[in-house]
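Accompanying notes for the structure given below.
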Amino acid sequence: MRSVRNALLILVLLSACLKDKVTYPIFHQTFVPTESFTCVDTLIQHPSGCGMIVQPADSAVFRTIDLDNDGQADFQISCTSWYDFVSASYPCANYNTSYVISAIQNNGSVATTGNFNEVRKYSENDSISSSHQWYSSAGILVAVNQAPFVTDFNGSSYFGLKIRKNNQDWYGWLKLEKSGYHLTLLASGVKQGPSTGIKAGQIQ
């Protein structure tokens, strides 16, 4: 019985090793400029003088991403601004904004840092690995004043994505650029076969 278990374990390990020895093609796409979007039109000074607040305060827009080009959207990036009364003495705390990337299907995941499901940011050629933490959604920008919790970035960055196809994990990346409240989808790529990861920005 022990020899059978050992043989199965060896097969599993060999299978994991072979995943990364096989070279799978990478589907890569560059998004057009119209993929730039925001839910915040402007910032204005609150009449109380507490600071700047987003306008409109009740807006929601989103963009979808078909990572593997199969005609079905795999992920959605939503931008939401909302008013939630928590303070009369500091009214700026009532205004909130978020950019969240989430899987549309049950087979998608986003690489996170583990801190309040904050999205994990990668530089070009960084390894996006199966050993990282993955979740169905993650915050790109979260400014929730009543928490208080803030995560943000400016400039361009890569994000790790994976989809489950035919009981196999396909690893991919998404490149975004952010300036203030404006987010632009630049490019994406996905390894079209099972592996333990992909490099950020990898196209072959």
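We did not get these values from a lab; they are worked out from the coordinates using the rules stated. Worth saying up front: this structure is predicted, and the values here are computed from it rather than measured. Don't worry about glycine lacking a Cβ; one is built from the backbone with ideal geometry, like all the others, and counts go over all protein chains shown.
Which value in nm describes the separation of the simple spin-label points at T113 and L186, placed 7 Å from the Cα toward the beta carbon?
Taking the simple label geometry, T113 and L186 are separated by 1.9 nm.
Pick from F85, F62, F37 the residue whose mean-square fluctuation is largest in a GNM of the chain, springs joining Cα atoms under 10 Å.
Result: F85 has the largest fluctuation of those listed.
Can you pull the percent of Cα pairs in the chain with separation above 23 Å?
50
Assuming R0 = 41 Å, can you tell me the calculated FRET efficiency for the pair Q204 and N106, based on Cβ-Cβ distance, to the nearest 0.05?
It comes out at approximately 0.85.
For a quick check, take a GNM of the chain with Cα springs below 10 Å and name the residue from G189, G155, G114 with the largest mean-square fluctuation.
Result for the chain, Cα springs under 10 Å: G155 fluctuates most.
Check cross-link reach from K165 to the aspartates and glutamates: straight Cα distance under 18 Å, and skip same-chain residues fewer than eight apart.
D20, D66, D68, D70, D74
What spacing in nm lies between the two simple spin-label points modelled at Y135 and S48, each 7 Å away from Cα in the Cβ direction?
The modelled label-to-label distance comes out at 2.9 nm.
With +1 on each Lys and Arg Cβ and -1 on each Asp and Glu Cβ, how big is the dipole of the stretch 16-199 about its Cα centre, in debye rounded to the nearest 20?
540
Would you be so kind as to identify which of L186, G172, P56 lies farthest towards the positive end of the dipole of the stretch 16-199, taking Lys and Arg as +1 and Asp and Glu as -1 on Cβ and the Cα centre as origin?
Checking the options against the dipole of the stretch 16-199, the answer is G172.
If each residue of separation counts as 0.36 nm, what is the full-extension length gain between D66 and T23 once their alpha-carbon separation is subtracted?
Gain on extension, D66 to T23, equals 13.3 nm.
Can you put Y122, Y90, Y135 in order of Cβ neighbours within 10 angstrom, beginning with the fewest?
Ordered from fewest to most neighbouring Cβ atoms within 10 Å, Y122, Y90, Y135 come out as Y90, Y135, Y122.
Using all C-alpha to C-alpha distances in the stretch 45-113, build P(r) with 5 Å bins and read off the rounded percent in each one.
4, 15, 18, 16, 11, 12, 10, 7, 5, 2, 0
Relative contact order of the chain: what whole-number percent is it, with Cα pairs under 8 angstrom and at least 6 residues apart?
It rounds to 22 percent for the chain.
Estimate the FRET efficiency between F153 and S36 by the formula 1/(1 + (r/R0)^6), using the beta-carbon distance for r and 22 Å for R0, to the nearest 0.05.
Calculated value: 0.90.
Looking at the chain as a GNM with Cα springs under 10 Å, which of H28, H46, H132 has the largest mean-square fluctuation?
Maximum among the listed residues: H46.
For the chain, build the charge dipole from Cβ charges (+1 Lys, Arg; -1 Asp, Glu) around the Cα centre, then report which of L43, Q29, I203 sits farthest towards its positive end.
I203
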